[in-house]
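Structure record follows, encoded as structure tokens.
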Amino acid sequence: MRGREQIEEKFDIVQHLAKEFARFVNRVQNGQVDMLGAFLIESEWENYIGDSKEVLQSLELAGFIIMPKEPTEKMVQAADASLSSGLMGERGAQNYIKHVFGAMVDEWLNSYDTNLVLDIFSMAIARASDPKARADTTGENTSYQRFRKQAQDVVSGIQKNGAIIAPDEATADMIAKGVSETAENKTQASEQTGGNSDYIASIYENMVKARNEK
């Protein structure tokens, strides 16, 4: 049966964004039915790798990162290496980490202001669509606003691939949610860690750092 096993491909955010830029520039509405459009995307997306990396840098400068919504095994392991050797055991520790992380992520997705993220993507699409826009360093050009819908499509596309745009450090609301989840569930983790805010913040920080580990 080994030959039938499917290897799950890791989501490549740089390639994904580059293809999104190629799709918008070539005005491809649906690559699944537009064969010419699909060909243009596949043949030109590498030209937009630079744009893709630039928008990721812009997100990072603004305090955002892109990571899996469901934590990878490496992320869970990095959260707290000592937790699995305590009262909870490995399985209990993993369940606790996933539960708290999920609650924090849901808190973020349900409450954060998307305007800054959409502005960053709108400006990136504007630059990719008009190379002359790269020369505009005044910051006064607001024409990028017309790409708002496309920016929303990019964010939706990222989420459809199982990833999210999240803060590089847990917000106060996210930390509070993680603490409350620990207290409400009254797991052995609350006895082992105390479920305090510093500990919850460190869990998130460690998982963010491990998001790209294979």
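The values are calculated or read from the model by the stated rules, or taken from the named source; none is laboratory data. All values reported here derive from a predicted model rather than from experimental measurement. Glycine also receives a Cβ, built like all others from the backbone with ideal geometry; neighbour counts cover every protein chain displayed.
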Screening 93, 81 for residues that are farther than 20 Å from residue 161 by Cβ and in a loop (DSSP other than H, G, I, E, B) leaves only 81
Per the list (1) assigned to a helix (DSSP H, G or I); (2) at pLDDT 90 or above, residue check on residue 112 breaks on (1)
Within the stretch 12-36, residues being at pLDDT 85 or above and either assigned to a loop (DSSP other than H, G, I, E, B) or farther than 25 Å from residue 59 by Cα (or both) number 1
Within the stretch 59-73, residues surrounded by fewer than 16 Cβ atoms within 10 Å (Cβ to Cβ) and in a helix (DSSP H, G or I) come out as 60, 61, 73
Picking from 84, 143, the residue that is under 19 Å from residue 54 (Cβ atoms) and either modelled with pLDDT under 90 or surrounded by 17 or more Cβ atoms within 10 Å (Cβ to Cβ) (or both) would be 143
